[in-house]
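S.K.: Please find one structure pasted underneath; my questions will follow.
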Amino acid sequence: MKIGIIGLGLIGGSLGLDLRNCGHIIYGVSRQEKTCQRALERGIVDYASINIDSLATVDIVFVCTPIGLISPTIQKLTPHLKSETIITDVGSVKSSVVNECEVLWTNFVGGHPMAGTAEQGVEAAQKNLFKNAPYVITVTEKTTKNSIKILEELAQSLGCVVHTCSPEIHDQAVAWISHLPVMISASLIAACVGEKEKTVLELAQQLASSGFRDTSRVGGGNPELGVMMAQYNKTALLQALDSYRHQLDQIREYIYEERWDSLEEILIKTQKKRSPFIKTQHNS
Ligand code: NAP
């Protein structure tokens, strides 16, 4: 197939490496000339350009720009495409993106390959990033069967495990397992550094070990990405935060009232219920 990729960063570049390895011909488009040059040097693409009209003959386009640029990019792209070309995106949030994009192009199908690293840009692109990772394909009443089938086959060829659901269900699920943990983890760090007693804070910093490292990891990540999650997945994230706050209040109450049995009941339940969330390990 002839495949177009717009945005040759971590996700777009990694898709290029693997899809090219599967024998497809990759047409890359990025904002900067130097990124196009590096993508060619690194074997991410067969052709690269800063001009979107270079994608006129491709069969499918993956839009891999930052989320806020997905629909403006598709708006610029559509006048240059043949009508049967499929457009998909890789945005980490789906409802707002899919709502805007599916009215722009009949053969649009939303997608989210759930793999990544802390790095960004063309140099961060790597082979096999998506192996064993979930690939969510979002389906609405407007999505055509053919575009779902083609995207599903491509995702499977990358070694991904495909899940299909509505954009709304996707956003609620990622609010729980990705966006809420970032906000909780960031709040943990912010609360700790709010310690007024200097000697306590310094000692805490020296004593912090694997427990703190695990629980603070996602809160110490890319701030832009965190803001993006909140901005584009506001409704689902607020619901998850409210529920979390309620749970935290309950735990606080049990401790304040010294209801150790009730606290133990919660901890026994959470010990049992954790495993279904972490049974498969992948990069995300
Ligand atoms: P990234 O490494 O920063 O790559 C984005 C690339 O988009 C940049 O290299 C930039 O290229 C290019 N770009 C920016 N504006 C553009 C424009 N107007 N036209 C064409 N190209 C443009 O970001 P990323 O992590 O790959 O994220 C890209 C998308 O993947 C986002 O929508 C994100 O939600 C989604 N996603 C991210 C992850 C993750 O863990 N990072 C996981 C799954 C999905 P230049 O170098 O040419 O400026």
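S.K.: Considering only the stretch 10-29, state which residues are assigned to a helix (DSSP H, G or I) and not hydroxyl-bearing (Ser, Thr, Tyr).
M.R.: Quick first cut of the stretch 10-29, residues assigned to a helix (DSSP H, G or I) only: 10-21.
Answer for the stretch 10-29, where residues must be assigned to a helix (DSSP H, G or I) and not hydroxyl-bearing (Ser, Thr, Tyr): 10, 11, 12, 13, 15, 16, 17, 18, 19, 20, 21.
S.K.: Look through the stretch 83-125, keep the residues that are more than 12 Å from the ligand (Cβ to nearest atom) and of a type in the set (Gly, Ala, Ser), and return whichever of them is nearest to the chain's Cα centre (by Cα).
M.R.: Among residues in the stretch 83-125 that are more than 12 Å from the ligand (Cβ to nearest atom) and of a type in the set (Gly, Ala, Ser), the one nearest to the chain's Cα centre (by Cα) is 95.
S.K.: What pairs come up if the first residue lies in the stretch 140-151 and is in a loop (DSSP other than H, G, I, E, B), the second is not hydroxyl-bearing (Ser, Thr, Tyr), and their beta carbons are under 7 Å apart, counting only those six or more places apart or on different chains?
M.R.: From residues that are in a loop (DSSP other than H, G, I, E, B), the pairs are 140/98; 140/102; 140/167; 142/102; 143/109; 144/107.
S.K.: Suppose the filter is within 13 Å of the ligand (Cβ to nearest atom), in contact with a strand residue (DSSP E or B) (Cβ under 7 Å, 6 or more places away or on another chain) and within 27 Å of residue 106 (Cβ to Cβ); does residue 58 pass it? Show your work before the answer.
M.R.: On the way: within 13 Å of the ligand (Cβ to nearest atom): no; in contact with a strand residue (DSSP E or B) (Cβ under 7 Å, 6 or more places away or on another chain): yes; within 27 Å of residue 106 (Cβ to Cβ): yes.
For residue 58, the condition - within 13 Å of the ligand (Cβ to nearest atom), in contact with a strand residue (DSSP E or B) (Cβ under 7 Å, 6 or more places away or on another chain) and within 27 Å of residue 106 (Cβ to Cβ) - is not met.
S.K.: Just checking, does the stretch 180-187 include any residue being within 16 Å of the ligand (Cβ to nearest atom) and either over 24 Å from residue 11 (Cα atoms) or without any contact (Cβ under 8 Å) to a residue 24 or more places away in the chain (or both)? Quick ask: steps written out before the conclusion?
M.R.: Of the stretch 180-187, the ones within 16 Å of the ligand (Cβ to nearest atom) are 181-182, 185.
Subsequent filtering for residues that are either over 24 Å from residue 11 (Cα atoms) or without any contact (Cβ under 8 Å) to a residue 24 or more places away in the chain (or both) retains 185.
Checking the stretch 180-187: at least one residue is within 16 Å of the ligand (Cβ to nearest atom) and either over 24 Å from residue 11 (Cα atoms) or without any contact (Cβ under 8 Å) to a residue 24 or more places away in the chain (or both).
S.K.: Go through 117, 85 for me and flag whichever is modelled with pLDDT under 95 and hydroxyl-bearing (Ser, Thr, Tyr).
M.R.: Every option except 117 fails the conditions.
S.K.: Taking the condition of being buried (at least 19 other Cβ atoms within 10 Å of the Cβ), within 10 Å of the ligand (Cβ to nearest atom) and in a loop (DSSP other than H, G, I, E, B), how many residues in the stretch 30-55 meet it?
M.R.: Looking only at that region, the number is 1.
S.K.: Of all residues in the stretch 17-29, how many are away from the ligand (no atom under 11 Å from the Cβ) and small (Gly, Ala, Ser)? Explain how you work it out, then say what you get.
M.R.: Keep residues of the stretch 17-29 that are away from the ligand (no atom under 11 Å from the Cβ), which gives 17-27.
This time we only want the ones that are small (Gly, Ala, Ser), so: 23.
Count: 1.
The values are calculated or read from the model by the stated rules, or taken from the named source; none is laboratory data. Source: prediction; values computed, not measured. Reconstructed Cβ throughout: ideal geometry from the backbone, glycine too, with neighbour counts over all protein chains shown.
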